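Below: one structure, written as structure tokens.
Read-outs: derived from the displayed coordinates by stated rules, not from any lab. Not measured: the values here are computed from a predicted model. Cβ placement follows ideal geometry from the backbone for every residue including glycine, while neighbour counts extend to all protein chains displayed.
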């Protein structure tokens, strides 16, 4: 009888899976029985996870990109004389210096408006008087120290038709253009684009009309603003302090709310997918009732039957979650490649968390969807299930 | 019985006693079902012992309680009154988990419509009961399939097998655990006469190997092969 010629079943992937993870192996075979049905159940999870990943990652990316644009705004504190005063006194400036010490740099600023003309035409420009354009605009391409001539913003330079070395006319005075600065793209009330920056002594007025503090961080900006208010506005409203930190945190809050809302909508589609898994598992176990009865009769424990059935549901979730996550991430990357959304805003740790979280949630939804049908089938007395 | 006193005495597998208790026994078992139309009594005071090495046929008309009795013997159902003993040990009070273990270790089942898993090969179906065990029963499964004449069908799935072949796979499955008792529900029910004969010959061989076989049947053929035939009518057992 022990005929060596009859080949024993070869040790292949199945045999290995069977030995290591019998429940998983049975589950895979069971799923392969109803491929279309398994495919449709998986599709539900794919769509749900895709929606969560796409909307979640896009939301994070948009938030990141917007904050990058607005970032400078939050670090800026602008102090001007209160109640229509003409200028800040030296005492005010000293107080501001003290309040800002250790938190950022104070740039006293004169400002005004004037018509400037150049070889290419004339235009109304914003005039700034400062010796430190670089600190003022937070733009490393601007000159660090400005003593003579004019620094012209890119937009103004274009309207006036000037290059570095050209001469422009401002209020009857002629200035040589020493630098042209591109707008940094950062969002701030003080923008270089259509401005002409002159040394402060070119201005008629003596006092500085504003002081701009470029703080090191949003927190520093908050402290500087509070310090200035405390020192100068204690008894009397001497200066008005504009800090956009709170505006920025409102914007952040808004984005968080929007993201939460989008994720909730996407989450609903994932819940629907869970219901379809529930439905399909219910169908599956009712079709295989007799089979499950046999398993129980020949000595497979209830928990083992449950494990096998849950493995089926979980596999649907794993497949759907993986496909959905990859598709969702691909679409968001595609959006970033074809629009102005920078890729760097997509590739942030939060987005990895979104993709992983959605994947996990997809699995969880499938598992929960399969729980009741599996429990009902595994706990049915075998006498009942065998009766068919 | 006196030899196996002690509540947690070890199985008497080692000690070959002259009067070892029957592997499976029903004592005064009554089973009542509460149904919509009142109470139905499926078994009335049935006492029955499985004998090692014997084939016992239980015959009777439909609804006479045959299946209920087989379910009792297979620890798949509880009696309303009376007791079931396994090698002299009462089964009452065992948890579902323990009963499942006993079914896997000591009882073999053969069903009328084979109940093979369609996605699994013959060899894999045979070792289905041992799926979650540490030990690998593949060699034994192959050995059993060769014994029932299916050595060349090891990797065939059930839909590639004939009815008689499927039933022989089912028989091989019932033997994977070397059971004391083989319970067969209409083992020839879906087979033609010649195939039925070959399946019964297989069962005969198994009984000769020391297994107590109980077959519930309508089939005259089974009674011809049986050492003993008992008749169940309206829940009452008669020799």
Original post:
Using r as the Cβ-Cβ distance of residue A:250 and residue A:82, and R0 as 22 Å, what FRET efficiency do you calculate, to the nearest 0.05?
Top reply: 0.35
**OP:** Report, in whole Å, the centroid distance computed from the Cα atoms of the range B:123-154 and the range A:52-84.
**Re:** 68
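Over all distinct alpha-carbon pairs, what is the Kirkwood Rh of the protein assembly as shown in angstrom? Don't skip to the end; give the middle numbers.
Values: mean 1/r = 0.0314 Å⁻¹.
It works out to 31.9 Å.
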Original post:
How far is helix B:163-175 tilted, in degrees, relative to the longest principal axis of the Cα atoms in chain B, given as a value from 0 to 90 rounded to the nearest 10?
Top reply: 60
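Over all directions, what mean area does the Cα convex hull of chain B project, stated in square nanometres?
Working: hull surface 55.8 nm².
That works out to 13.9 nm², a quarter of the Cα hull's surface.
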Original post:
Roughly how many whole Å is it from the C-alpha centroid of the range B:100-122 to that of the range A:306-348?
Top reply: 41
**OP:** Going by C-beta contacts inside 10 Å, put B:136, B:185 in order with the fewest on the left.
**Re:** B:136, B:185
**OP:** Could you work out the mean count of beta carbons from other protein chains within 10 Å of each residue's beta carbon in B:105-114?
**Re:** 2
Original post:
For the range B:35-164, what does the equivalent ellipsoid look like in terms of its semi-axes, each the square root of 5 times an eigenvalue of the Cα gyration tensor, given largest first in whole Å?
Top reply: 32, 19, 15
**OP:** Could you list A:359, A:255, A:261, B:48 in order of exposure, starting from the residue whose Cβ has the fewest other Cβ atoms within 10 Å?
**Re:** A:261, A:255, B:48, A:359
Subject >> Burial order of peptide ranges A:51-57, B:82-88, A:151-157 (average beta-carbon count within 10 Å, highest first) >> reply: A:51-57, A:151-157, B:82-88
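Take each of the peptides A:19-30, B:29-40, average the number of other beta-carbon atoms within 10 Å over its residues, and list them starting from the highest.
Numbers: A:19-30: 18.4, B:29-40: 12.0.
Per-residue mean Cβ counts within 10 Å order the peptides as A:19-30, B:29-40.
What does the average come to when, for each residue of peptide A:22-32, you count the partner chain Cβ atoms lying within 10 Å of its Cβ? Present the calculation step by step, with values, prior to reporting the outcome.
Working: counts 5, 2, 0, 3, 7, 0, 1, 5, 4, 1, 1.
Across A:22-32, the average partner-chain Cβ count within 10 Å equals 3.
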Subject >> Largest-first principal axis extents, alpha carbons of the range A:83-237, Å >> reply: 51, 29, 23
Subject >> Expected 222 nm ellipticity per residue - DSSP helices of 4 or more, -39500 (n - 2.57), all of chain B, to 500 >> reply: -8500 deg cm²/dmol
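Counting only helical runs of four or more DSSP H residues, what would the 222 nm mean residue ellipticity of chain A come to if each run contributes -39,500 (n - 2.57) and the total is spread over all its residues? Walk me through the numbers on the way to the answer.
On the way: 13 runs with 228 residues, N = 388.
The helix-only estimate for chain A comes to -20000 deg cm²/dmol at 222 nm.
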**OP:** Quick one: order A:375, A:128 by neighbouring beta-carbon count within 10 Å, fewest to most.
**Re:** A:375, A:128
Subject >> C-alpha center-to-center spacing [the range A:250-289, the range B:183-226] in angstrom >> reply: 54
